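Here the structure comes first, spelled out in structure tokens, and everything after it is commentary.
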Amino acid sequence: MTAPARPAGPPTWPYPRWIAHRGAGKLAPENTLAAFRLGAAHGYRAFECDVKLSADGLPFLLHDATLDRTTPAQGTAGQRPWAELSQLDAGSWHSRQYAGEPLPTLKAVARYVQSNGFALNIEIKPTPGLERQTGEAVGQAAVALWHGAAPPPLFSSFQPEALAGAMATAPAIPRALLLDTLWDGWLTAAQALGCVAVVTNFRVMDAGLLATLHAQRLHGLCYTVNDAADAQRLLALGVAGIITDAVDHFAPSLDTGGAALAPQQPDGAS
Ligand code: G3P
Ligand code: MG
């Protein structure tokens, strides 16, 4: 008896194609719940965020290793306990409208996305040197916070060590390798980490790369796509996900499954 033929290409993708970057990009303070709410108001149903650990091991949202850019405090965020981090103003740097907006915990974000039926891409963004530990802790937290709810979060990271940590504590939560460049051994690494997808800088993605990914049953996603021509090119290629800051220019509801998307133009654009 012959075995049934394995279907060609990657398995069905459970996540929306359009993903708001850092909550909702640049219109609200990145990686805050205010940003998520703004993205949702623009029709987004999937969100990317950056997660690292406080000194006492709590997963929370912050992009940079230091607090300098997005809070009034300075220095390495991961060296402070959550009791201190939770008091910081993560909104005033953006605009007065968001003064007092706190840094959110992963727990608060999990509650928000699950209550609203949204999907979450958790980029594991470790404080340098804590890659494995961060992956393990975020994996453990996500298992407890989602406890089987669908869709599960999608983990991603530029650091294979972080994904290995997440694989150890949360083997059933899907993983994606983030690639700014196609470094030697990236495909072997993605396969060894049991990834379901690769998320590349949009400039790196082309038909050849996507065909390579699909032949290996991997999905291809791209970041950070803010230009209509880039979005059209990637949609025509058939990427599974587009991570964007431009939530006010790209309306997910207009995406009918491919190149038919007609991005909204910014006010005043021709
Ligand atoms: O996850 C995709 C994207 O967020 C990676 O870049 O620096 O914005 O975290 P960055
Ligand atoms: Mg990110």
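Report, in debye and to the nearest 20, how large the dipole of the chain comes out about its Cα centre when Lys and Arg carry +1 and Asp and Glu carry -1 on their Cβ.
Using Cβ point charges on Lys, Arg, Asp and Glu, the chain gives about 600 debye.
Sequence gap at least 6, Cα distance under 8 Å: using those rules, report the relative contact order of the chain to the nearest whole percent.
Relative CO of the chain lands at 18 percent.
Going by amide H atoms built from the backbone, whose H comes under 5 Å of the H on Ala119, apart from near neighbours?
Ala46, Phe47
Can you figure out the FRET efficiency of Thr169 with Gln114, using R₀ = 22 Å and their beta-carbon distance, to the nearest 0.05?
0.65
Got a sec to turn the phi values of region 167-180 into Karplus ³J(HN,Hα) couplings, 6.51 cos²θ - 1.76 cosθ + 1.60 with θ = phi - 60°, whole Hz, x for Gly and Pro?
Taking θ as phi minus 60°, the curve returns 5, 5, 9, 9, x, 8, 8, x, 10, 9, 8, 8, 10, 7 Hz for region 167-180.
Considering only DSSP beta bridges with both partners in the chain, what is the antiparallel share in %, to the nearest 5?
Rounded to the nearest five, the antiparallel share is 15 percent.
Whole-Hz Karplus ³J(HN,Hα) for region 122-134, in order, using 6.51 cos²θ - 1.76 cosθ + 1.60 and θ = phi - 60°, x for Gly and Pro?
8, 7, 7, 10, x, 4, x, x, 10, 4, 5, 4, 5
So which trypsin sites (Lys or Arg not before Pro) in region 37-101 are both in a DSSP loop and have at most 13 other Cβ atoms within 10 Å of their Cβ?
Counting only loop positions with at most 13 other Cβ atoms within 10 Å, the trypsin sites (Lys or Arg not before Pro) in region 37-101 are Arg69.
How much mean residue ellipticity at 222 nm does the chain get from its helices, if each DSSP H run of length 4 or more adds -39500 (n - 2.57) and you divide by all residues, to the nearest 500 deg cm²/dmol?
-8000 deg cm²/dmol
Given a cut-off of under 8 Å on Cα pairs at least six residues apart, what relative contact order in percent is computed for region 115-173?
That works out to 46 percent.
Among Gln74, Gly57, Leu85, which residue has its Cα furthest toward the positive end of the charge dipole of the chain, with +1 on Lys/Arg Cβ and -1 on Asp/Glu Cβ?
Of the listed residues, the answer is Gly57.
With θ set to phi - 60°, apply the Karplus curve 6.51 cos²θ - 1.76 cosθ + 1.60 along region 61-74 and write out the HN-Hα couplings as whole Hz, x wherever there is a Gly or Pro.
9, 6, 7, 6, 6, 10, 8, 4, 6, 10, 9, x, 8, 10
All of the numbers you see were taken from the coordinates with simple rules; none came from a lab. As the structure is a prediction and not an experimental result, all values here were calculated from the model. Cβ coordinates were reconstructed from backbone atoms using ideal geometry, including for glycine residues, and neighbour counts include every protein chain displayed.
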